[in-house]
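Asks: Sending over a structure as structure tokens; questions will come in a sec.
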Amino acid sequence: MSSSSPTKAGDPDAAPAKKRAKARLILIAAPVVLLLAGAGLWFSGVLPHLLGIDKHVEHAEESVRPPGYVDMPEMIANLNSTSHKPGYVKLTVRIEVPKPEDAERVKAAMPRLQDLMQTYLREMRPEELRGSAGTYRLREELLVRANAAVAPVKISDILFTQMLVQ
């Protein structure tokens, strides 16, 4: 009495097992298919449009506007030098603001900006300003100080139009 297969043709448990396997497959496949269909609708832009979420239009309008620029007066500052020979920096800066209407607010805060920049420049040593790394660090430090001076207005960049270290 050897049995060649675990299920016999007359086994009453074979049909319910096949039905359970089909039901389990449907329970797993249906959410996956719905999830993929939803993702396809979302990334194609159909679902956000139906829900009233049109962020692409808002970002496109913001990127079209050109930034505003404010020119600062030329600054000359003594550098902090350990040698007996004094060092100087001559700097002309242009400030970039993302919204052109913020340029007037930056102009109103110009005395404070000049004071912060002059104070920082006087603490710099000539060797700190050498090379592109020194210029980059100076730009980043002036940007942090300028944003603090004109808050809540946001300054997006500090552009050096002239820089002379002597």
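No value in this document is a laboratory result; all are computed from the given coordinates. Because the structure is predicted, anything quoted here is derived from the model rather than measured. Glycine also receives a Cβ, built like all others from the backbone with ideal geometry; neighbour counts cover every protein chain displayed.
Asks: May I ask you to derive the FRET efficiency for residue 83 and residue 120 from their Cβ-Cβ distance with R0 = 25 Å, giving the value to the nearest 0.05?
Replies: Details: r = 21 Å, r/R0 = 0.83.
Efficiency, rounded to the nearest 0.05: 0.75.
Asks: Under unit Cβ charges (Lys, Arg +1; Asp, Glu -1), what dipole magnitude, rounded to 20 debye, does region 66-165 have relative to its Cα centre? Show your work: numbers first, answer last.
Replies: Values: 14 positive and 13 negative charges, 40 e Å.
Computed charge dipole of region 66-165: roughly 200 debye.
Asks: Quick check: residue separation of residue 37 and residue 140 times 0.36 nm, minus the Cα distance between them. What number comes out in nm?
Replies: Numbers: separation 103, 0.36 × 103 = 37.08 nm, distance 4.63 nm.
Separation in residues times 0.36 nm, less the Cα-Cα distance, equals 32.5 nm.
Asks: Hey, what's the per residue convex hull volume over the C-alpha atoms of region 51-166, in cubic angstrom? Mind dumping the intermediate values first?
Replies: On the way: hull volume 13.7 nm³, N = 116.
Per residue, the Cα convex hull of region 51-166 comes to 118 Å³.
Asks: So for the chain, taking the charge dipole from beta-carbon charges (+1 Lys/Arg, -1 Asp/Glu), which of 91, 28, 73 sits furthest toward the positive end?
Replies: 28
Asks: Under 1.5 on a/c is rounded, so check that first for region 93-146, then, if it is not, pick prolate when a/b is larger than b/c and oblate when it is not; a ≥ b ≥ c are the square roots of the alpha carbon gyration tensor eigenvalues. Intermediate values should be presented prior to the final figure.
Replies: On the way: a/c = 3.67, a/b = 1.78, b/c = 2.06.
Cα axes put region 93-146 in the oblate bin.
Asks: Between 90, 18, 154, find the one with the highest GNM mean-square fluctuation for the chain; connect C-alpha pairs within less than 10 Å.
Replies: Highest fluctuation among the options: 18.
Asks: Do you know the Lys pair count in the chain for C-alpha distances under 26 Å, with sequence separation 8 or more or different chains?
Replies: Total qualifying Lys-Lys pairs in the chain comes to 10.
Asks: In a shell of Cβ-Cβ distance under 13 Å around residue 94, excluding residue 94 itself, what net charge do Lys and Arg (+1) and Asp and Glu (-1) give? Please list the in-between numbers first.
Replies: On the way: positive: 107, 139; negative: 71, 74, 96, 157.
Within the 13 Å Cβ shell, the charges total -2.
Asks: Work out, in µm²/s and without decimals, the Stokes-Einstein translational diffusion coefficient of region 60-101 at 25 °C, 0.890 mPa s, Rh from Kirkwood over C-alpha pairs. List each step's numbers first, then the result.
Replies: Values: Rh = 13.2 Å.
The estimated diffusion coefficient comes to 186 µm²/s.
Asks: Can I ask one more? For region 66-165, with the dipole built from +1 on Lys and Arg beta-carbon atoms and -1 on Asp and Glu ones, taken about the Cα centre, which of 153, 124, 136 lies farthest toward the positive end?
Replies: Looking along the dipole axis, the top candidate is 124.
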